[in-house]
Amino acid sequence: MKILLIGGQGQVGFQLQRSLACLGELHTTTRQSLDLADITAIRETIHAIQPDLIVNAAAYTAVDKAEQETKLAQKINAIAPAVMAEEANNLSIPMVHFSTDYVFDGSKTSPWVETDATGPLSHYGLTKLEGEQAILASGCDHLIFRTSWVYDRRGHNFLNTMLRLAEEREQLNIVDDQIGTPTWSRHIADVTAQALAQAHNDDAFWKQNSGVYHLSAAGQTSWKGFAEAIFQIAEADGRRVPKVTGITTAEYPTPAKRPLNSCMDNTKLKRHFGLQLPDWQVSLQWVLQS
């Protein structure tokens, strides 16, 4: 199988390079090699490679900046996936795409399921939802994985920001009324590869499984709880850690509104593929102690 991985240098894309390598011949693009704001370039890349599968791990993820760079965010998060899906449908090949918990408005008190009504609060969430909708409308076979609070030891994310600030500050004020599930990018990549491996020698796989899935770790916490867990492990390793004080979302205004509840139900993922992620705290220990 020839796989085209788009966005191979992002947090999830970098891990996908490893996890997808055993499934076939991997062709990877990066931000430098493929401009996702260039529709013609996307089509030319797909036509040149003639893949058997497209995996799109690229996205505009600067949530607050997207409130100003609305057109660029829409090109990368909505229009680019639409073009990929159209080409996938033309070639009669499947597509894998990654979306976000930010397609929801956060008003629900229990974990979100795939059939819940969406209602993004930010332009970032809106463009990610538009990307989902374009793929669904294209007619191509697809897996859309909604992830949440993604982190890794590389790249720009909450974990690395906290570790950096721990070296710089004695005290941190962290939002405590937004809840979600920190999810390690490696586990997202591994679950994706294991789900795709089930497609081998199964002609009915895509007909039975095409759709949207929630893909996040087990458990839940707040941003404050996430920070405290990071510092607890760091302190046990002899690192300097700051004092953490919880604050409300109202006390920490940002250009883009965030959902108060980002927790997602992963039952559908387990039912279709027999796959589930460990508790977020277990994953965090693996990341920081590896």
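The values are calculated or read from the model by the stated rules, or taken from the named source; none is laboratory data. Given the structure is predicted, the values throughout are model-derived calculations rather than measurements. Because the Cβ atoms are built from the backbone with ideal geometry, glycine has one as well, and the counts that use them run over all protein chains shown.
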message = Condition first: assigned to a helix (DSSP H, G or I), in contact (Cβ under 8 Å) with a residue 40 or more places away in the chain, crowded, with 20+ Cβ neighbours inside 10 Å and out of contact with any helix residue (DSSP H, G or I) (no Cβ under 6 Å at 6 or more places or on another chain). Can you find one or more residues in segment 111-126 that meet it?
response = no
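Among the residues in segment 165-178, are any over 23 Å from His272 (Cα atoms), touching a Gly at 6+ places or on another chain (Cβ under 7 Å) and modelled with pLDDT of 95 or more? Even if it seems obvious, please write down each step before you answer.
In the first step, residues of segment 165-178 are kept if they are over 23 Å from His272 (Cα atoms); the result is 165-178.
Add one more test, that the residue is touching a Gly at 6+ places or on another chain (Cβ under 7 Å), and what stays is 174, 176.
Going one step further and asking which of them are modelled with pLDDT of 95 or more, we end up with 174, 176.
Yes, the conditions are met somewhere in segment 165-178.
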query = Which condition number does Leu20 fail, the rest of (1) touching a Leu at 6+ places or on another chain (Cβ under 6 Å); (2) within 16 Å of Ala189 (Cβ to Cβ); (3) surrounded by fewer than 19 Cβ atoms within 10 Å (Cβ to Cβ) being met?
reply = (3)
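Pick out the one residue from Leu4, Leu34 that is under 20 Å from the mean Cα position of the chain (by Cα), under 22 Å from Arg154 (Cα atoms) and buried (at least 18 other Cβ atoms within 10 Å of the Cβ). Can you show your working first?
Numbers: Leu4 fails: under 22 Å from Arg154 (Cα atoms).
Just a single option satisfies the conditions, and that option is Leu34.
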request  = Taking only segment 127-159 into account, find how many residues are over 17 Å from Met264 (Cβ atoms), among the charged types (D, E, K, R) and surrounded by 16 or more Cβ atoms within 10 Å (Cβ to Cβ).
outcome  = 3
ask   = Tally time: how many residues in segment 192-218 are touching a residue at least 60 places away in the same chain (Cβ under 8 Å), small (Gly, Ala, Ser) and more than 19 Å from Leu16 (Cα to Cα)?
value = 3
ask   = Does Thr30 fit the bill of being over 21 Å from Ser210 (Cα atoms) and of a type outside the set (D, E, K, R)?
value = yes
First in segment 165-176 and surrounded by fewer than 18 Cβ atoms within 10 Å (Cβ to Cβ), second anywhere and of a type in the set (Asp, Glu), Cβ under 9 Å, 6 or more apart = Asn173/Glu251
ask   = Does Gly211 fit the bill of being surrounded by fewer than 18 Cβ atoms within 10 Å (Cβ to Cβ), over 30 Å from Asn89 (Cβ atoms) and of a type outside the set (A, V, I, L, M)?
value = no
remark   = Here the residues within segment 82-117 that are among the polar types (S, T, N, Q) and more than 17 Å from the chain's Cα centre (by Cα) are Asn89, Asn90, Ser92, Ser107, Thr109, Ser110, Thr115
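Working only within segment 251-282, note down all residues that are in a helix (DSSP H, G or I) and aromatic (Phe, Trp, Tyr). Working first, answer last.
Step one: filter segment 251-282 for residues in a helix (DSSP H, G or I), giving 251, 267-273, 280-282.
Phe273, Trp280 - these are the residues of segment 251-282 that are in a helix (DSSP H, G or I) and aromatic (Phe, Trp, Tyr).
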request  = Specify the residue that is farthest from Gln74 (Cα to Cα); the eligible residues are those in segment 132-152 that are of a type in the set (Gly, Ala, Ser) and free of Cβ contacts under 8 Å to residues at least 60 places away in the same chain.
outcome  = Gly139
